[in-house]
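Each remark here refers to the structure printed beneath this line.
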Amino acid sequence: MQKKWLYLIVLSLIWGSSFILIKKSLIGLTPLQLGALRILFTTVFLLLIGFKSISKIQKHEWKWITISALLGTFFPAFLFAYAETEIDSAVASILNSLVPINTIIIGSLIFKIASSVRQFISIIIGFIGTVFLIYLSAELNPTHNYLYASFILIATLMYAANVNIIKKHMQTMSPMAIAVGNFVVISIPALVVLLFSNFFTVVDFKEPTVQKSLIYVAILAVFGTALAKIMFNKLVQISTPVFASSVTYLMPIIALAWGLFDDEIFGLWQLLASAIILLGVYLANKNKG
């Protein structure tokens, strides 16, 4: 098995489980607390294992480190947390699979990367599937506010921009250095957010639900964020942006299994809409990388 495929499969397993961890973390924490803690826990872990890698970052590279950190981690951490207060984790994971399609869009519009007719068709198919999935999910879960799905769509655009940035401007940097640098940059604003969320004044740390949520966040931070970020940065470097972002092609399978296990409602028509989205993702990635 080629190394890039091994990375892809492991990342799919890790990130596919992240959505249920976010859902469970929100039981005892607010979205702001979850997003901030996820970033801060990850920062501590990465500094413990990769502090020395910071010295490898050149002065002129910090600009791209900062942009990558904000688009690829900081804002999405809060966007996903807010989204999953209203939509199921399985649906969130499927919408997240739009990253490869958005990678093509961002690459074409901003980075002037040529796209094929097949990729253009994949964008249309992905859009149709997205509209159907959101509509059908709202019908099946009338008590949920599926306008919150827009948060995930925004996050996928940010992820797509980050993939292109890593490929174009950070190709020669160490994956560990990129990951550590990213979190060093965003740790301060994350701490500010945590302080303003009243985490230290309102949260009852003796409450079992809070304790469980903190454990879920820690697992999410170490595996779903820290280790996965390092692996993803490496995957982008040894493959192509579209191939790397196609990790979201496999993630929904894992996330859907977790969602069904957690008694989430997912109907046949939703499955069909998901298949349409993943067809678009497949066409976007076909014969690439």
Original post:
Hey, any hits in region 205-212 for a residue that's among the hydroxyl-bearing types (Ser, Thr, Tyr), crowded, with 22+ Cβ neighbours inside 10 Å and over 30 Å from PHE51 (Cβ atoms)?
Top reply: no
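So which of GLU61, GLU139 ends up being acidic (Asp, Glu), modelled with pLDDT under 90, out of contact with any Asp or Glu (no Cβ under 7 Å at 6 or more places or on another chain) and not in a loop (DSSP other than H, G, I, E, B)? Break it down stepwise before answering.
Details: GLU61 fails: modelled with pLDDT under 90.
On inspection, the qualifying residue turns out to be GLU139.
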Original post:
Counting just the residues of region 235-267 that are at pLDDT 80 or above and in a loop (DSSP other than H, G, I, E, B), which one comes out farthest from ALA92 (Cα to Cα)?
Top reply: SER239
Original post:
Could you say whether any residue in region 169-183 is assigned to a helix (DSSP H, G or I), within 20 Å of the chain's Cα centre (by Cα), of a type in the set (Val, Ile, Thr) and buried (at least 16 other Cβ atoms within 10 Å of the Cβ)?
Top reply: yes
Original post:
So which of ILE113, ILE152, ILE166 ends up being part of a loop (DSSP other than H, G, I, E, B), in contact (Cβ under 8 Å) with a residue 24 or more places away in the chain and not polar (S, T, N, Q)?
Top reply: ILE113
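Do the conditions hold for LEU29, that is, is it surrounded by 19 or more Cβ atoms within 10 Å (Cβ to Cβ), over 17 Å from the mean Cα position of the chain (by Cα) and at pLDDT 95 or above?
Working: surrounded by 19 or more Cβ atoms within 10 Å (Cβ to Cβ): yes; over 17 Å from the mean Cα position of the chain (by Cα): yes; at pLDDT 95 or above: yes.
Taking the combined requirement at face value, the residue satisfies it.
Under the condition of being within 14 Å of TYR159 (Cα to Cα) and of a type in the set (A, V, I, L, M, F, W, C), which residue from region 234-268 is surrounded by the fewest Cβ atoms within 10 Å (Cβ to Cβ)?
Narrowing region 234-268 to residues within 14 Å of TYR159 (Cα to Cα): 236, 241-248.
When the remaining residues are screened for being of a type in the set (A, V, I, L, M, F, W, C), the result is 236, 242-244, 247.
Values: VAL236: 25, VAL242: 26, PHE243: 19, ALA244: 28, VAL247: 26.
So, considering only residues that are within 14 Å of TYR159 (Cα to Cα) and of a type in the set (A, V, I, L, M, F, W, C), the one surrounded by the fewest Cβ atoms within 10 Å (Cβ to Cβ) is PHE243.
Being out of contact with any Phe, Trp or Tyr (no Cβ under 8 Å at 6 or more places or on another chain), on the phi < 0 side of the Ramachandran plot and of a type in the set (Gly, Ala, Ser) is true for just one of SER97, SER55, SER93. Which residue is that?
From the options SER97, SER55, SER93, the qualifying one is SER55.
Just give me the residues in region 95-145 being of a type in the set (Gly, Ala, Ser) and either surrounded by 24 or more Cβ atoms within 10 Å (Cβ to Cβ) or farther than 18 Å from THR85 by Cα (or both), in sequence order.
The first filter runs over region 95-145 and keeps only residues of a type in the set (Gly, Ala, Ser), leaving 97, 107-108, 114-116, 122, 126, 129, 137-138.
Those that are of a type in the set (Gly, Ala, Ser) and either surrounded by 24 or more Cβ atoms within 10 Å (Cβ to Cβ) or farther than 18 Å from THR85 by Cα (or both): SER97, GLY107, SER108, ALA114, SER115, SER116, SER122, GLY126, GLY129, SER137.
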Original post:
Going by the conditions given, is ILE188 out of contact with any strand residue (DSSP E or B) (no Cβ under 6 Å at 6 or more places or on another chain), surrounded by 15 or more Cβ atoms within 10 Å (Cβ to Cβ), among the β-branched types (Val, Ile, Thr) and in a helix (DSSP H, G or I)?
Top reply: no
Original post:
Can you spot a residue in region 71-78 that is modelled with pLDDT under 90 and part of a helix (DSSP H, G or I)?
Top reply: no
Subject >> Single condition ASN198 does not satisfy, out of (1) at positive phi; (2) crowded, with 22+ Cβ neighbours inside 10 Å; (3) polar (S, T, N, Q) >> reply: (2)
Subject >> Tally, over region 203-234, of residues that are assigned to a helix (DSSP H, G or I) and out of contact with any helix residue (DSSP H, G or I) (no Cβ under 8 Å at 6 or more places or on another chain) >> reply: 5
**OP:** Please identify the pairs in which a residue from region 250-277 that is within 25 Å of GLN119 (Cα to Cα) has its Cβ atom under 7 Å from the Cβ atom of a residue that is in a loop (DSSP other than H, G, I, E, B), counting only partners at least 6 apart or on another chain.
**Re:** MET251/SER97; PRO252/SER97; ILE277/SER97; ILE277/LEU98
Original post:
For region 78-98, which residues satisfy the criterion of being more than 20 Å from LEU37 (Cα to Cα) and touching a Leu at 6+ places or on another chain (Cβ under 9 Å)?
Top reply: GLU86, ILE87, ALA90, VAL91, SER93, ILE94, LEU95, SER97, LEU98
Original post:
What are the residues in region 4-29 that are of a type outside the set (S, T, N, Q), touching a residue at least 12 places away in the same chain (Cβ under 8 Å) and under 13 Å from PHE243 (Cα atoms), if any?
Top reply: LYS4, TYR7, LEU8, ILE9, LEU11
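The values are calculated or read from the model by the stated rules, or taken from the named source; none is laboratory data. Everything numeric here is computed off the predicted structure, so don't read it as measured data. FYI the Cβ positions are ideal-geometry reconstructions off the backbone, even for glycines, and counts take in every protein chain you see.
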